[in-house]
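What follows is a short report on a single structure.
The values are calculated or read from the model by the stated rules, or taken from the named source; none is laboratory data. Nothing here was measured: the structure is a model prediction, and the numbers come from that model. All Cβ positions, even for glycine, are placed from backbone atoms using ideal geometry, and neighbour counts span all protein chains on display.
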Amino acid sequence: MRSHYCGSLNSDYIDQEVTLCGWVDRRRDHGGVIFLDMRDREGIVQVVFDPDTGEHFQTADRVRGEYVLKIRGRVRARDAATVNPNMATGEIEVLGKEIEILNEAETPPFQLDEHTEVGEDVRLRYRYLDLRRNAISDKLRLRARITSVLRRYLDEQGFLDIETPILTRATPEGARDYLVPSRTHGGKFFALPQSPQLFKQLLMVSGFDRYYQIAKCFRDEDLRADRQPEFTQIDIETSFMDDKQIMAVAEGMIRDLYKEVLDLDLGDFPRMPFAEAMSRFGSDKPDLRIPLELVDVGDLMAEVEFKVFSGPANNPKGRVAALKVPGGNEALTRKQIDDYTKFVGIYGAKGLAYIKVNDKADLENGLQSPIVKFLPENVRGAILERVGAENGDLIFFGADSAKVVNEALGALRCKLGEDLNLYTCDWAPLWVVDFPMFEEDDKGGLTSLHHPFTAPACSPEELKAAPAEALSIAYDMVLNGTELGGGSLRIYQPDMQRAVFDVLGIDKEEAEEKFGFLLDALKYGAPPHGGLAFGLDRLVMLMSGARSIRDVIAFPKTQTAACVMTDAPGVVESRQLTELNIRLRKTDES
């Protein structure tokens, strides 16, 4: 029906006949001449109808916003006084000759432009209208370009695009599975994959030594701005490469992507051990644009009488850390400090101690804080020296379990960076490496930090002798405080896999039940292999400057994992439940 997209027209098309199809973005009547701004996925162009077009002028006169039109006309240059430099098509317009109304439209429930302030719930209810807005449609076009560039890079590197099953069996990967009842196998369930992890390892055993997939994944977990119950991964696996080679491929992919799509050189990707990242930044995905660091002061607090500090300082699982804010005395008000105290409470902190450095040479009267009286002068001086304090600085303190201190001060560091605009650069990539193999769970046992198929950086004997100290051959790519992707070398030898299962308390029977097919595959010449996965939604969110991944997904769920547009999840007929051998249990709400 169309010959050109509205947004593709420019001065190269002057005097050409074109046929356009799209929506009416805006209609204006100027002294008997009707102007229609026609919109399609590529942009907007101005169409002019003069009265001498007869019935077509009459038709143009009755169209309204969001009507669907087909227009034939001639491209012409605008008068110099009417050129619009803010439009890609601002140098030209189309002189309309014929117009056909393909469909009328009711008045939309909200304004379809960048000025709309309607709530997200309304936007998601009418998502098909929200997608007409440039603010959203531009991001989806960017997403399509990003996936195209990524596919081309991986294709050129010799990777094969191979699909893996969506219906599989439940495996423990750190989050709850979405379960799918089987009609043909009564009482049994499929699970939607949290990742293609096991299948891509089996592909390595099969000899497909370079695999990739842009894969849908599903996790039934609590949501945040960067989480969705269904999300998309750029999944990569390869054989006969070590961790440095895999990281080089992944780094090259992201470098090329940013250069081609945004014309940006990301520069060096430094590497930082996990332990250093946690110590300096309280996070395994530190935002290196922010020049603030956590400094351990537990040894200085171990002997003070103030139990809030000395307790965690003498606890092997505790931590006392300081966070210096240069110039914080003037930059932050008392109300802001109180607000930050409430903020760290979200992460379990019971409070937020601070010291204002008015005169660092006067340890008696030059420090302002409710806690100064509990600290001997020699401790005050040692703290100022260790954090490198200067007059006018503000020092925050965290004292609790290491987990709480890291999460609270790590989050506070990022919030201060944003609130005070402390960023030293626009982009700061990083590889975090040398992760622990295991972490302690709430019951004091050990659980996999990543997943139980991650290769340790030690022998099976060393792993069993000191599992809490074992490191893994794992790596995460971080950009501006966001984990873009992560992966590891995988276990490919049965004795090592058995040793990891032993540490995790997975006996032979349980291992055979859950992972028997993988364990069998390892017996038949499994090659050394590894890989990683990138979160496509997060990547597009970062590159587009969006605040939430919901803005870069065509039809996202809400933070309660619901679709307000289709009213999903919904009730199903009892007949369907009977076929699936399912009976609903009544709850207090039903």
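Being in the same structural domain as GLY525 (by TED's automatic domain parsing) and within 21 Å of ARG490 (Cβ to Cβ) narrows it down to one residue among GLN228, GLN157; which is it?
GLN157
Condition (residue is under 26 Å from the mean Cα position of the chain (by Cα), in the same structural domain as ALA215 (by TED's automatic domain parsing) and over 30 Å from GLY186 (Cβ atoms)) applied to segment 489-509: is it met by at least one residue?
Looking through segment 489-509, at least one residue is under 26 Å from the mean Cα position of the chain (by Cα), in the same structural domain as ALA215 (by TED's automatic domain parsing) and over 30 Å from GLY186 (Cβ atoms).
Select from segment 135-176 the residues that are among the hydroxyl-bearing types (Ser, Thr, Tyr) and out of contact with any helix residue (DSSP H, G or I) (no Cβ under 8 Å at 6 or more places or on another chain) and write down the one among them that is farthest from CYS217 (Cα to Cα).
SER137
Can you find a residue in segment 480-495 that is in contact (Cβ under 8 Å) with a residue 24 or more places away in the chain and touching a Cys at 6+ places or on another chain (Cβ under 7 Å)?
Yes, because at least one residue in segment 480-495 is in contact (Cβ under 8 Å) with a residue 24 or more places away in the chain and touching a Cys at 6+ places or on another chain (Cβ under 7 Å).
Could you please find all residues in segment 340-368 being under 20 Å from PRO312 (Cα atoms) and hydroxyl-bearing (Ser, Thr, Tyr)?
Hits for segment 340-368 are THR341, TYR347, TYR354.
With respect to ALA277, is the statement that it is surrounded by fewer than 19 Cβ atoms within 10 Å (Cβ to Cβ), small (Gly, Ala, Ser) and not assigned by TED's automatic domain parsing to the domain that holds GLU469 true?
no
Where residues in segment 282-302 are free of Cβ contacts under 8 Å to residues at least 24 places away in the same chain and not aliphatic (A, V, I, L, M), which of them is nearest to ARG255 (Cα to Cα)?
The selected residue is GLY298.
Quick one: count up the residues across segment 538-569 that are without any contact (Cβ under 8 Å) to a residue 40 or more places away in the chain and either aromatic (Phe, Trp, Tyr) or part of a loop (DSSP other than H, G, I, E, B) (or both).
5
What do you reckon, is ARG271 touching an Asp or Glu at 6+ places or on another chain (Cβ under 6 Å), of a type outside the set (Phe, Trp, Tyr) and within 30 Å of TYR347 (Cβ to Cβ)? Outline the logic, then answer.
Numbers: touching an Asp or Glu at 6+ places or on another chain (Cβ under 6 Å): no; of a type outside the set (Phe, Trp, Tyr): yes; within 30 Å of TYR347 (Cβ to Cβ): yes.
So ARG271 fails the test.
Name the single residue that is nearest to MET477 (Cα to Cα) among those in segment 405-428 being in contact with a Lys or Arg (Cβ under 8 Å, 6 or more places away or on another chain) and either part of a helix (DSSP H, G or I) or among the acidic types (Asp, Glu) (or both).
Checked segment 405-428; the qualifying residue nearest to MET477 (Cα to Cα) is ASP426.
Report whether or not GLY311 is of a type in the set (Gly, Ala, Ser) and closer than 22 Å to ASP419 by Cα. Show your work before the answer.
Working: of a type in the set (Gly, Ala, Ser): yes; closer than 22 Å to ASP419 by Cα: no.
No, not satisfied.
Of the numbered conditions (1) in contact (Cβ under 8 Å) with a residue 60 or more places away in the chain; (2) buried (at least 20 other Cβ atoms within 10 Å of the Cβ); (3) touching a Pro at 6+ places or on another chain (Cβ under 6 Å), ALA455 satisfies every one except a single condition; which is it?
(3)
Just to be sure before I move on: is LYS244 assigned to a strand (DSSP E or B) and either modelled with pLDDT of 95 or more or surrounded by 21 or more Cβ atoms within 10 Å (Cβ to Cβ) (or both) in the structure I sent?
It is false that LYS244 is assigned to a strand (DSSP E or B) and either modelled with pLDDT of 95 or more or surrounded by 21 or more Cβ atoms within 10 Å (Cβ to Cβ) (or both).
Could you name every one of the strands (runs of 3 or more DSSP E) located completely within segment 149-219 that has at least 1 residues being in contact (Cβ under 8 Å) with a residue 40 or more places away in the chain and either touching a strand residue (DSSP E or B) at 6+ places or on another chain (Cβ under 6 Å) or within 30 Å of LEU262 (Cβ to Cβ) (or both)? Walk me through it before giving the result.
Values: elements: 179-181, 189-191, 210-218.
Answer list for segment 149-219: 179-181, 210-218.
Search segment 404-449 for residues being of a type in the set (Asp, Glu) and out of contact with any Pro (no Cβ under 9 Å at 6 or more places or on another chain), and hand back the single one that is surrounded by the fewest Cβ atoms within 10 Å (Cβ to Cβ).
Ranking the candidates gives ASP442 first.
What tally of residues in segment 523-558 results from selecting those that are β-branched (Val, Ile, Thr) and surrounded by fewer than 21 Cβ atoms within 10 Å (Cβ to Cβ)?
1
Is there any pair linking a residue in segment 254-281 that is without any contact (Cβ under 8 Å) to a residue 24 or more places away in the chain to one that is assigned to a helix (DSSP H, G or I), with Cβ under 7 Å and at least six apart or on different chains, and which?
Close Cβ pairs (under 7 Å, with a partner that is assigned to a helix (DSSP H, G or I)) amount to ASP265/LYS259.
Anything in segment 289-320 that is in contact with a helix residue (DSSP H, G or I) (Cβ under 8 Å, 6 or more places away or on another chain), of a type outside the set (Val, Ile, Thr) and not in a helix (DSSP H, G or I)? List them, or say none.
ARG289, LEU292, GLU293, LEU294, ASP296, ALA302, GLU303, GLU305, PHE306, LYS317, GLY318, ARG319
Only one residue in ILE136, ILE99 is touching a residue at least 12 places away in the same chain (Cβ under 8 Å), touching a strand residue (DSSP E or B) at 6+ places or on another chain (Cβ under 6 Å), surrounded by 15 or more Cβ atoms within 10 Å (Cβ to Cβ) and not in a loop (DSSP other than H, G, I, E, B). Which one? Walk me through how you get there before you give the answer.
Working: ILE136 fails: touching a strand residue (DSSP E or B) at 6+ places or on another chain (Cβ under 6 Å).
Of ILE136, ILE99, the one residue that is touching a residue at least 12 places away in the same chain (Cβ under 8 Å), touching a strand residue (DSSP E or B) at 6+ places or on another chain (Cβ under 6 Å), surrounded by 15 or more Cβ atoms within 10 Å (Cβ to Cβ) and not in a loop (DSSP other than H, G, I, E, B) is ILE99.
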